[in-house]
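Presented below is the structure to which this report refers.
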């Protein structure tokens with residue numbers, strides 16, 4: 001017997017010739033499937049829980065990493081007055097920066113805000129921090145006295161000295177009437193060690 005003959009003999013269509021036998025087989029299959037208990041699908045809720053868990057984990061990682069990434073991604077602030085000085089130290093150098101700028105404050109703005117804002121920016125641009133430093137001993141400002149007292153210490157805190165410049169400039173800014181009534185002062189300052 002050849003392969004073709006064997007395939008022809010094994011064809012189920014040739015074996016079932018009776019329609020009643022075919023119908024009874026279908027009815028039996030339906031009865032068996034109806035009598036079997038239906039299983040609940042556990043996979044779909046588990047998959048949804050897994051996806052939500054992964055999203056929560058990713059959100060948590062992003063929340064933890066965001067503060068470290070923000071200084072890297074944030075644009076550099078440059079005010080109307082920018083100053084930098086580098087101080088040699090034992091482990092390298094200390095880079096101290098000051099950036100101060102006048103900012104409009106619409107919540108308390110008056111009619112003459114544009115003129116006052118322009119004057120405030122010009123004042124800040126004209127401040128000479130080196131001149132403030134040279135005049136520390138003669139100045140009557142509490143900030144200048146604090147800077148002088150710290151600078152004569154054996155190991156002065158340069159971060160504190162840097163902050164006294166900002167305090168003195170803010171004090172003068174307020175004394176000239178720029179602070180308030182539509183103008184605020186934005187300051188960014190600090191010292192960073194570099195090797």
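Criterion applied to 25, 62, 49 was being surrounded by 10 or more Cβ atoms within 10 Å (Cβ to Cβ) and modelled with pLDDT of 75 or more, and the one residue passing it is 49.
Screening residue 105 with (1) more than 17 Å from residue 82 (Cα to Cα); (2) surrounded by fewer than 16 Cβ atoms within 10 Å (Cβ to Cβ) gives one miss only, at (2).
The values are calculated or read from the model by the stated rules, or taken from the named source; none is laboratory data. All values derive from a computational prediction rather than experimental measurement. Don't worry about glycine lacking a Cβ; one is built from the backbone with ideal geometry, like all the others, and counts go over all protein chains shown.
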